Amino acid sequence: MSDRIARAFDHGKAFIPFITGGDTSLEVTRQLLIAMEEAGADLVEIGLPFSDPIAEGVVIQQANERALAAGCTTDKLFDVVKEARKTVEIPLVFLTYINPIFTYGKEKFMKRCVECGIDGLIVPDLPLEEKGEIQQVCREYGVSIISLIAPTSKERIKAIAQEAEGFIYVISSLGVTGVRKEITTDVAEMTDMVRQVTDVPCAVGFGISTPEQAEYMASVSDGAIVGSAIVRLVEQYGEECVPVVADYVRKMKGAVERA
Amino acid sequence: MNNGKFGIFGGQYVPETLMTAVHEVEQAYEKYKADPEFQAELDDLLKNYAGRPSLLYYAEKMTKDLNGAKIYIKREDLNHTGSHKINNVLGQVLLAKKMGKTRVIAETGAGQHGVATATAAALMDMECEIFMGKEDTDRQALNVFRMELLGAKVHAVTSGTMTLKDAVNETMREWTRRVDDTFYVLGSVMGPHPYPVIVRDFQKIVGEEIKEQLMEREGRLPDAVLACVGGGSNAMGAFYEFIPEVSVKLIGCEAAGLGVDTAQHAAAVEKGSVGVFHGMKSLFCQDQDGQIAPVYSISAGLDYPGIGPEHAYLAETGRASYVPVTDEEAVEAFEYLSRMEGIIPALESAHAVAYAKKIAPEMGKDQIIVVNLSGRGDKDVAAIARYRGVEIYE
């Protein structure tokens, strides 16, 4: 497991932004990684585009389509991460589906992760029951598999948390990713259950867009994850999005620090 | 079998949000499968509502015309709602009802599964929402209205390629949004375990009937059973009973669209590779980065980039073979069967008819082919007219 991920949570509550790799362009992705670190991001999730992202809402679905249409491939995204890694020191994880990993070749994929500085993988369609698909090879290469816990997980939480490494991604709401006005799930109950079993930090994602939501979610966990709200800024500002996203990250980091 | 694996294929690759629901379906199915009362209710529905058993028809004119193997046609097109889809849907909606669910959702390609689901939902008083690719709601407009008549809400899916694959994506997304009261009625032998098993079990009656009916007529097993394959539910239904009977060739007919040497096809066995998508490890049309390919077939029901995991296993072990059939061959077979036997097949099923036309003349007159005619072709008449350059208005 990656030491870098553990460090993201050692100095207070973490703010974790998500961007879709190659959205607008690979060059924008490289600049965003650098700018978000400077703005206070503690860890960045990079979406490795997939044609059929079934856990995503419309905003990130369209970002996947834009990235693929703009020519993003697995190899090109690895190259850009490697380039950004020359200066970026915070942990970086890929969020992608099992098929791009499987089809690229599991071993080759993990080897590239290590070479390019990808510390972990979030794979929404790889539940506990199927983790064996990549667990061995991830261990060999020291790439963490980030486990997800959903509002429906209930008695599964214990089993998932026991095996967790890096951090635990707590899904705040039913449904797919996307901005929500209100989050009604009792997230504190979920994080309490996790804490009974493991010390692995928990970060909450799905639906968060405002500083108030981020502050609250960070207060009942170890950090907040924001995806669609950032991807929307990238969509809106295109090539010009980097300073806008950086400002947003700074504001959200401030909010989680207040938690 | 563990976790629904067929060799390396199958599995449960779905988001954590759905795992509890998937397990709940699995446990309920295990319970009711062994429940005589459930089986009696389902048998009654199949007999008195769906019209089973369906006929096994001896296609005498076609046999004479092709001058080779004897051809029998399993008339799934004569079922209520016009296809084999009703077999599975009655089982799943009844199961949903027993589980206390009040709402069913389903994907549909050509609309046959959607119509069947809307029908069963009307019968069993369930709320029903159907997800259908925008391209398919356009080419199968009549089926959209049919579903609405039956009380279902139809969502036109505008993501991705706007066809069956995207309809499945959107139905899965909807299930994660609202999982407590909702049952996902999956239409084919695909998706996460237990669906490939459930759908196969509810469809295997097709092969069981073929065997019994043919034994009665001919006193023997067929030499080959042919069926079209998209996800593969009618094929699995027709094949399953015959898997242990190794003398019976099992042949799945995939959509080759404009040809397997073009990019415009949906032949997952012929041109696909192993991947993990829609909850299962199986064979998929995809690129080297694992991006799912935008497949094509004239028939909306076969326009799917993968195949059910048990088919992938049968293909790998060689127990069944899978052959490509082009749009042109399917359309010709559609017209051929209409004129020759007075039976208008679904465009999907016409793929199997086309392959029967191809192999029957090369077989002996003492040999027997059974073609599973999975659905009727009324829904495709306008599409065929367009294919032949005739503009008609429905």
Subject >> Whichever residue in the range B:43-59 is surrounded by fewer than 20 Cβ atoms within 10 Å (Cβ to Cβ) and not in a strand (DSSP E or B) and, among such residues, is farthest from the other protein chains (Cβ to nearest Cβ) >> reply: B:Leu55
Original post:
What do you reckon, is B:Ala300 of a type in the set (A, V, I, L, M) and in contact with a Ser or Thr (Cβ under 9 Å, 6 or more places away or on another chain)?
Top reply: yes
Subject >> Search result, residues across the range A:98-117 that are of a type outside the set (A, V, I, L, M, F, W, C) and more than 14 Å from chain B (Cβ to nearest Cβ) >> reply: A:Glu107, A:Lys111, A:Glu115, A:Gly117
Original post:
surrounded by 24 or more Cβ atoms within 10 Å (Cβ to Cβ), of a type in the set (A, V, I, L, M, F, W, C) and either within 14 Å of chain A (Cβ to nearest Cβ) or touching a Gly at 6+ places or on another chain (Cβ under 7 Å) (or both), is that true of B:Phe284?
Top reply: yes
Subject >> Of all residues making up the range B:6-27, the number that are in contact (Cβ under 8 Å) with a residue 12 or more places away in the chain, more than 7 Å from every other protein chain (Cβ to nearest Cβ) and out of contact with any Phe, Trp or Tyr (no Cβ under 9 Å at 6 or more places or on another chain) >> reply: 2
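Results for (1) more than 15 Å from A:Phe15 (Cα to Cα); (2) within 14 Å of another protein chain (Cβ to nearest Cβ), shown as yes or no for each residue.
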residue: A:Phe167; (1), (2): no, no
residue: A:Thr177; (1), (2): yes, yes
residue: A:Val197; (1), (2): yes, no
residue: A:Gly207; (1), (2): no, yes
residue: A:Ala224; (1), (2): no, no
residue: A:Ala229; (1), (2): no, no
Original post:
In the list B:Lys357, B:Lys379, which residue meets the criterion of being part of a helix (DSSP H, G or I), crowded, with 19+ Cβ neighbours inside 10 Å, modelled with pLDDT under 95 and on the phi < 0 side of the Ramachandran plot?
Top reply: B:Lys379
**OP:** Could you check the range B:115-211 for helices (runs of 4 or more DSSP H) lying wholly inside it with 2 or more residues that are within 14 Å of chain A (Cβ to nearest Cβ)?
**Re:** B:164-177
Original post:
Are there any pairs, at least 6 apart or on different chains, whose C-beta atoms fall under 6 Å, with the first in the range B:262-285 and within 16 Å of B:Met172 (Cβ to Cβ) and the second of a type in the set (Phe, Trp, Tyr) and not in a strand (DSSP E or B), and if so, which?
Top reply: B:Val276/A:Phe102
Original post:
Taking the range A:56-72 on its own, how many of its residues are in contact (Cβ under 8 Å) with a residue 40 or more places away in the chain and either touching a strand residue (DSSP E or B) at 6+ places or on another chain (Cβ under 9 Å) or not aliphatic (A, V, I, L, M) (or both)?
Top reply: 10
Original post:
Does A:Ala203 satisfy being in a helix (DSSP H, G or I), at pLDDT 95 or above and buried (at least 19 other Cβ atoms within 10 Å of the Cβ)?
Top reply: no
Subject >> Qualifying positions in the range B:139-161 - within 24 Å of B:Cys285 (Cα to Cα), more than 19 Å from the chain's Cα centre (by Cα) and of a type outside the set (S, T, N, Q) >> reply: B:Ala156, B:Val157, B:Gly160
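The values are calculated or read from the model by the stated rules, or taken from the named source; none is laboratory data. Since the structure is predicted, the reported quantities are computational estimates derived from the model, not experimental observations. Backbone-built Cβ (ideal geometry, glycine too); neighbour counts: all protein chains shown.
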